[in-house]
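Visitor: The following block contains the structure, expressed as structure tokens.
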Amino acid sequence: MQTLAYFYYPTTAVIVDDDTDFLNSLKLALAPHCRSLLFTSPEQAKDFLVKDYQNYLELNPIHNDYEIFSDVQAKIDIPSIHKTVFNPDRFKQSIVAIVDYDMPTFNGLALARKIRAATPTKIIMLTGEADKNTAIDAFNKQEIDSFIIKNSESYLDKLLQCFSQLQHAWFAEQSKSLTDAFRSVKHHPSQDLDFIQLFDQICTNHQIVEYYLIDESCSFLMLDKTGRITWLITRTEEDMQTYYELAEDAPPAFLKLLQDRKKIANFSQIGDAIEPIDKWKIHDALQLKDKPIYYCVVPGKDGFSIDDKPILSYEEFLQKN
């Protein structure tokens, strides 16, 4: 079964090859799609990736060494996950290395083994046709995550697709503690394949490049390349009933809409106090294939309240870097 990543943003590719001309040409080809850092020294690349991962651990909003409790929030401050979006350096992180196999003093497989021993970096190995069997063996032994034959048909497209897939896989693995916790929640959206497919479709339709979990019900803050915000607001059947009960003093017509699951309500909360009903944000509710999961997609800033801080978009980042 597919799994969700509960936070995701584009990262910087590390490319290792002793051929400077090849490195520069690959960087130029990738430039419209992602930032890349070039290394001709395998040891320097390995040292950089180890240091970069250590820096990431200090910023990681979800820690996999948390003991899992039935109350997810007991150990993980879910509403704070999205604050990563205010960090302008988030796109500089490197989690995928593209490593050439054929390097004279230190081949790509030896480098992959060193990287793998020190970090969870995903590794794509570039090979020639003659080294294909070596790459297959390394992949089967999980020493690398993928391999691509240089100058093969649609080589660059395959590389970009593989890079994107491995980024998502990396963030899903970093989300493991939340994934494990949500498995114990009955009918949780994150465990529903239809919801995951819906999530992917929303990302495609709105050209989403980064996203962050907002609440335990699987609502997300999403941004496209320009920094334009979209909210996916998700509610379980239990959530819908809770909001209905909280609105007991609302006008009957409004209560009826909540009772019939026609509207999704959202409000700000400070401590135990919630906003007055006339301040609640109300959106049309859609039900996911007759399942006890409801959602709405809200563009702009009308979904949840977030800090009024500057957000560096991915497009701006690429222009500056």
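Visitor: Within 9 Å, Cβ to Cβ, of LEU126, how many net charges do the neighbouring residues add up to if Lys/Arg are +1 and Asp/Glu are -1? Mind showing how you got there, number by number?
Guide: Working: positive: LYS150; negative: ASP17, ASP100, ASP102.
Cβ neighbours under 9 Å give a net charge of -2.
Visitor: Tell me the net charge near PRO79. Cut-off is 10 Å between Cβ atoms, PRO79 excluded, with +1 for each Lys or Arg and -1 for each Asp or Glu. Spell out each step's value before the answer.
Guide: Details: positive: LYS83; negative: ASP77, ASP215, GLU216.
That works out to -2.
Visitor: Given R₀ = 22 Å, what would the calculated FRET efficiency be for ALA253 paired with HIS187, taking r from the Cβ atoms and rounding to 0.05? Please list the in-between numbers first.
Guide: On the way: r = 29 Å, r/R0 = 1.30.
My answer for the efficiency is 0.15.
Visitor: Between ASN151 and THR40, what is the spin-label point distance in nm, taking each point 7 Å from the Cα along the Cα→C-beta axis?
Guide: Roughly 2.1 nm, to one decimal.
Visitor: Still on this structure, please answer the following. Hey, any idea what Rg/Rh is for the chain, computing Rh the Kirkwood way over Cα pairs? Walk me through the numbers on the way to the answer.
Guide: On the way: Rg = 22.3 Å, Rh = 21.6 Å.
My calculation puts Rg/Rh at 1.03.
Visitor: Arranged by the count of other C-beta atoms within 10 angstrom, fewest first, what order do MET222, MET125 take? Walk me through the numbers before you get to the answer.
Guide: On the way: MET222 24, MET125 27.
Exposure proxy ranking, most exposed first: MET222, MET125.
Visitor: Return the distance in nm (one decimal) between the two label points of a simple spin-label model at ASP260 and LEU286, each offset 7 Å from Cα along Cα→Cβ.
Guide: Result for the modelled spin labels: 2.0 nm.
Visitor: Given Cα pairs under 8 Å that are at least 6 residues apart, what percent is the relative contact order of the chain?
Guide: For the chain, the relative contact order is 19 percent.
Visitor: Return one number: the angle in degrees, 0 to 90 and rounded to the nearest 10, between the long axis of the Cα atoms of helix 42-59 and the longest principal axis of the Cα atoms of the chain.
Guide: Compared with the principal axis, the helix lies near 10 degrees.
Visitor: Less than 13 Å Cβ to Cβ from ILE202, Lys/Arg counted +1 and Asp/Glu -1: what total charge do the surrounding residues give?
Guide: -3
Visitor: Report the antiparallel proportion of the DSSP beta bridges in the chain as a percent, rounded to a multiple of 5. Please list the in-between numbers first.
Guide: Values: 26 of 43 bridges.
Percent antiparallel among DSSP bridges in the chain is about 60.
Visitor: Counting other Cβ atoms within 10 Å of each Cβ, which GluC sites (Glu not before Pro) in the range 202-309 have at most 14 and sit in a DSSP loop?
Guide: On the way: sites: GLU210, GLU216, GLU237, GLU238, GLU245, GLU248; in loops: GLU216, GLU248.
Listed in order of number, the matching sites are GLU248.
Visitor: From the mean inverse distance of alpha carbon pairs (Kirkwood) and the Cα radius of gyration, derive Rg over Rh for the range 1-55.
Guide: Numbers: Rg = 13.9 Å, Rh = 12.9 Å.
Here Rg/Rh amounts to 1.07.
Visitor: Evaluate the Kirkwood expression for the hydrodynamic radius of the range 185-319, namely the inverse of the mean inverse distance over all pairs of different C-alpha atoms, and round to one decimal in Å.
Guide: Details: mean 1/r = 0.0628 Å⁻¹.
15.9 Å is the Kirkwood radius here.
Visitor: Residue farthest toward the positive end of the dipole of the chain, with Cβ of Lys/Arg at +1 and Asp/Glu at -1: which of LEU4, PRO189, THR40?
Guide: Result: THR40.
Visitor: Which ³J(HN,Hα) values in Hz, rounded to whole numbers, follow from the phi angles of the range 231-238 under the Karplus curve 6.51 cos²θ - 1.76 cosθ + 1.60, where θ = phi - 60° and Gly and Pro get x?
Guide: 10, 9, 9, 10, 9, 7, 4, 5
Visitor: Listed here are the pairs LYS176/LYS225; LYS27/LYS132; LYS158/LYS289; LYS114/LYS309; which of them are more than 29 Å apart at the Cα? Spell out each step's value before the answer.
Guide: Values: LYS176/LYS225 26 Å; LYS27/LYS132 24 Å; LYS158/LYS289 34 Å; LYS114/LYS309 40 Å.
Listed pairs above 29 Å: LYS158/LYS289; LYS114/LYS309.
Visitor: Could you tell me the largest-minus-smallest coordinate of the C-alpha atoms of the range 7-179 on each of the three principal axes, in descending order and whole angstroms?
Guide: Reported extents, whole Å, longest axis first: 53, 33, 29.
Since every read-out is calculated from the coordinates, none of them should be taken as a lab result. Treat the numbers as computed from the prediction; the structure is a model and nothing was measured. Glycine also receives a Cβ, built like all others from the backbone with ideal geometry; neighbour counts cover every protein chain displayed.
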